[in-house]
Amino acid sequence: MFVIVIIFMIIGLIGVFIPGLPGNGLIFLSTLGYGLLTKFEKISMSMIIFFGILTMLAFLFDYAASILGAKKFGATKAGIIGGVLGGLSGILVFSLPGLLIGQFLGTLIGELYYGKALNVSIKSGFGTIIGYVLGVIVNTTIGLTIIGLFILKVK
C-alpha cells in the first residue's frame, strides 16, 4: 500500500506544475487515505490535520500568486482572464512551455483588448508568469514537505 500512496504523491507533485492535474490536494488525500486504511497506526490524525493545513495554504497561495503577480504588474481583469484562457489553451497545444507562453500571450491580448499600451501589456504578461512561477515554487516546497514528513513517519 505504501508504494501505491507514493505513486499517487508523485502524480500530485507533477500536478503542481500542470494545471488540470491534482497537485497538493492529491498528495494530501493520499496521506489521508493511508491513515484511514491503516487506522492511523503509523501516521497520527494530528499529522494529517497538519498536512491538511499545509494543503489549504498551498491552494490559497496558488490562487493568489498568479493574480497578485499580474495585478502587481498592472494587469486588468481582462488581462487576468486572458492569462487563464491562454494558459489553458497553451498547455493543451504545447504542454508546459505552452502554459507559460499561453499565459503570457493571453494576458498580453487581454490587456491590449482593454486598451492598454503594448509596453504595459507586456509588463502585465511577465507579471502573470512571475506569479505562476512563485506559486509553483511554494506548492512544490509544500508538496515535498508533506511527502518527506509522511515517509519519515511511515517508514
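Bear in mind that the values in this text are calculations on the coordinates, not laboratory data. These numbers come from a predicted model, not from an experiment. Counting neighbours? That spans all protein chains shown, and the Cβs are built from the backbone with ideal geometry, glycine included.
Screening 18, 27, 49, 7 for residues that are under 21 Å from residue 95 (Cα atoms) and either without any contact (Cβ under 8 Å) to a residue 12 or more places away in the chain or within 19 Å of the chain's Cα centre (by Cα) (or both) leaves exactly one candidate, 18. None of 148, 98, 115, 110 is surrounded by 19 or more Cβ atoms within 10 Å (Cβ to Cβ) and either touching a residue at least 24 places away in the same chain (Cβ under 8 Å) or not aliphatic (A, V, I, L, M) (or both) except 110.
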